[in-house]
Amino acid sequence: MKQVWKKRAVVATVLLFVCAAVYLNWRYAGNAVDSSKVLGESTLVNAPDDAQEASKPVTEDDYFSTARLSRKQARDNAISMLKEAEADENADEDVLNEASETLQVLAAYTVAESQIESLVTAKGYADCVAFMGEESISVVVSDADGLDTSDVAKIKDIVINETDYTAEQIKIMEAN
């Protein structure tokens, strides 16, 4: 019985660390981005304007790309740890069930976040990234005209229709 609680504590700790990592990556991604290096972009090694490129400020596009990448990396790490817990030969049935349920929750978060982001951009907003958690969801939106109360209402409506969150659990922010 003691081993069951120990394994549950490990799974809960992993999930807590993953949620914290996703939040911290999202919160500080804009400040720690090296805008001179973009995933998938080729650059000349001795290009004469490297110093100028490195001094450019982070753009909103970089923020959204970085936020999505950070979220994906944190989820991938969590999934990897949960699959290791499932593969443990000595794992108790309850631990296996909890790991499986957590994997399903993470998969559902990924699908819902993607759906919300697609629907928000389909409404005409420049870009959007959503971060789902157990208690709340945060949606960061880029709009050239800025967000007003009707924009917030439209986005909250999308989130409510796609998830089980209440209006009080939804946080909508404008990207700066």
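A few remarks follow.
- Rounded to 0.05, the FRET efficiency of the Asn97 and Thr149 pair, given R0 = 41 Å and the Cβ-Cβ distance, is 0.40.
- Once both labels are positioned 7 Å from their Cα atoms along Cα-to-Cβ, the gap between Ala126 and Met173 label points is 1.7 nm.
- For Ile172, residues with placed amide H under 5 Å, excluding near neighbours: Val139
- When Met81, Met132 are compared by accessible surface with a 1.4 Å probe, the order from highest to lowest is Met81, Met132.
- Legend: calculated FRET efficiency, Ser118 to Ser80, from the Cβ-Cβ distance at R0 = 45 Å, rounded to 0.05, equals 0.95.
The values are calculated or read from the model by the stated rules, or taken from the named source; none is laboratory data. Everything quoted here is computed from the prediction, not taken from an experiment. All Cβ positions, glycine included, derive from the backbone under ideal geometry; neighbour counts span all protein chains shown. For accessibility, only protein heavy atoms count, side chains too; no ligands or nucleic acids. Shrake-Rupley method; radii C 1.70, N 1.55, O 1.52, S 1.80 Å.
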